[in-house]
Every structure is written in structure tokens, then in C-alpha cells.
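The values are calculated or read from the model by the stated rules, or taken from the named source; none is laboratory data. Just so we're clear, the structure is a prediction, and the values are computed from it rather than from any experiment. Counting neighbours? That spans all protein chains shown, and the Cβs are built from the backbone with ideal geometry, glycine included.
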């Protein structure tokens with residue numbers, strides 16, 4: 001009888017040990033499931049076209065080419081008024097709000113209101129594009145630190161009213177760009193425009209010469225350009 005009782009106790013102890021092990025395994029599986037569930041589904045990696053340094057890079061570094069492309073694309077789209085500046089400019093400020101810092105959003109909304117008062121928007125068509133030969137270059141992106149840059153854009157601006165050209169100028173825009181990984185669903189770039197880092201300058205580009213030596217900054221202009 002004593003031997004039977006010892007065997008039964010050993011069996012019960014073994015069953016208890018197995019239950020404890022099963023419980024621990026369930027906890028570990030639950031922890032791994034939670035870690036997998038909470039892991040980010042998307043990770044933005046900036047792949048620069050210049051591979052002179054090979055493919056080794058820190059994942060959090062944003063290459064100057066990506067910063068320049070972002071600044072040019074967003075600024076160009078903000079200033080693209082295909083039919084009516086009064087409607088198009090306002091729509092652009094809403095559509096691209098995720099790519100603007102709150103300060104920049106307020107600044108551009110004030111700019112919109114000022115242009116409205118000066119009657120510069122209604123019926124106005126506007127286009128903005130790079131000056132040939134003045135795209136991405138060594139001095140186009142200034143790295144302030146890991147999360148802040150200043151991008152210099154040399155752009156041509158065309159404006160028409162009722163089919164008549166009213167403005168055709170070259171302007172240098174120094175734009176501030178900041179890192180902002182706050183809403184990857186609406187802003188996959190992980191960057192935001194912080195508007196102007198300095199006063200825009202009018203450029204004088206002689207006809208037939210749009211290379212690096214042809215652009216000579218003129219007097220500083222207001223942001224109405």
C-alpha cells in the first residue's frame with residue numbers, strides 16, 4: 001500500500017510539473033505573439049542613388065538626395081495652381097498639411113490670406129519648376145544635424161491670368177526640412193517642411209546659360225514670389 005501511495009504521489013507531482021511547464025510555454029507564446037503584433041509593419045529606408053560609399057549605412061540617416069527630393073516635390077505641389085489660385089492654393093494647403101510643420105501651416109495660411117487681400121489668387125494659374133542645370137548639387141542641402149536640414153531650391157516661376165503671362169521669374173528658396181516620423185500613414189517620407197529658413201532671393205539667369213556659373217542672386221525678395 002505504501003508503495004502504491006508513493007507511486008501515486010510521484011505521478012501527481014509529475015503531472016503538476018507538466019502543467020507548470022505548459023503554463024510557462026503558454027505565457028512565452030503569448031509574449032512572442034504580443035511582440036510580433038506590436039512590431040512596426042513598415043520601415044522607411046532611404047536608398048540614395050549615389051552608391052560610392054557602398055550599401056552600408058545607418059538606417060536612421062536620411063541622405064541629402066532624399067531631403068532635396070522631398071523639399072522640391074512638396075514645395076512645387078504647394079505652388080501648383082492649375083486652374084484658379086484662389087481654390088487651388090487653399091486645396092493644396094489642406095492636401096499637404098501632413099508634410100508641413102504646424103508653424104509652416106500657419107505661415108502659409110497667412111500668406112494665402114495676404115494674397116487674397118491683394119487679389120493675387122482669383123483666376124491665377126501658377127507653375128514652378130527647377131531651372132535646368134540647377135537641381136541637386138553639393139551645396140543644395142546643408143546638414144544642420146541628424147534631424148534638420150536647409151535645402152536651397154533654384155526655381156523658375158510662371159504665372160498666367162486669363163491666358164496672359166503676368167510673372168516669369170527665377171527665385172532661390174532656402175527651405176528648412178525637419179524629421180517628423182509621426183504619421184507614416186499620411187506622411188511616408190517621415191519629413192516635414194518648416195517653410196523658409198531665410199528670405200528668398202531673385203536670381204538673374206542669362207538666356208542660354210543655366211549652369212552653375214550662370215545664376216547670380218539678386219536682391220532679397222519677399223515671400224510673395
Just to verify a result, which residue in the range 136-161, among those that are part of a loop (DSSP other than H, G, I, E, B) and in contact (Cβ under 8 Å) with a residue 40 or more places away in the chain, is farthest from residue 172 (Cα to Cα)? 146
I'd like to verify a number: residues in the range 82-128 that are part of a strand (DSSP E or B) and within 19 Å of residue 196 (Cβ to Cβ), how many? 3
Please verify whether the range 161-176 includes one or more residues that are touching a helix residue (DSSP H, G or I) at 6+ places or on another chain (Cβ under 8 Å), within 19 Å of residue 73 (Cα to Cα) and buried (at least 16 other Cβ atoms within 10 Å of the Cβ). yes
Among the residues of the range 115-135, how many are in contact with a helix residue (DSSP H, G or I) (Cβ under 6 Å, 6 or more places away or on another chain) and either free of Cβ contacts under 8 Å to residues at least 24 places away in the same chain or outside the structural domain of residue 80 (by TED's automatic domain parsing) (or both)? 0
As an exercise: evaluate residue 182 against (1) loosely packed, with under 13 Cβ neighbours inside 10 Å; (2) in a strand (DSSP E or B) and give the number of the one condition it does not meet. (2)
Across the range 147-180, what is the number of residues that are closer than 20 Å to residue 198 by Cα and under 21 Å from the mean Cα position of the chain (by Cα)? 17
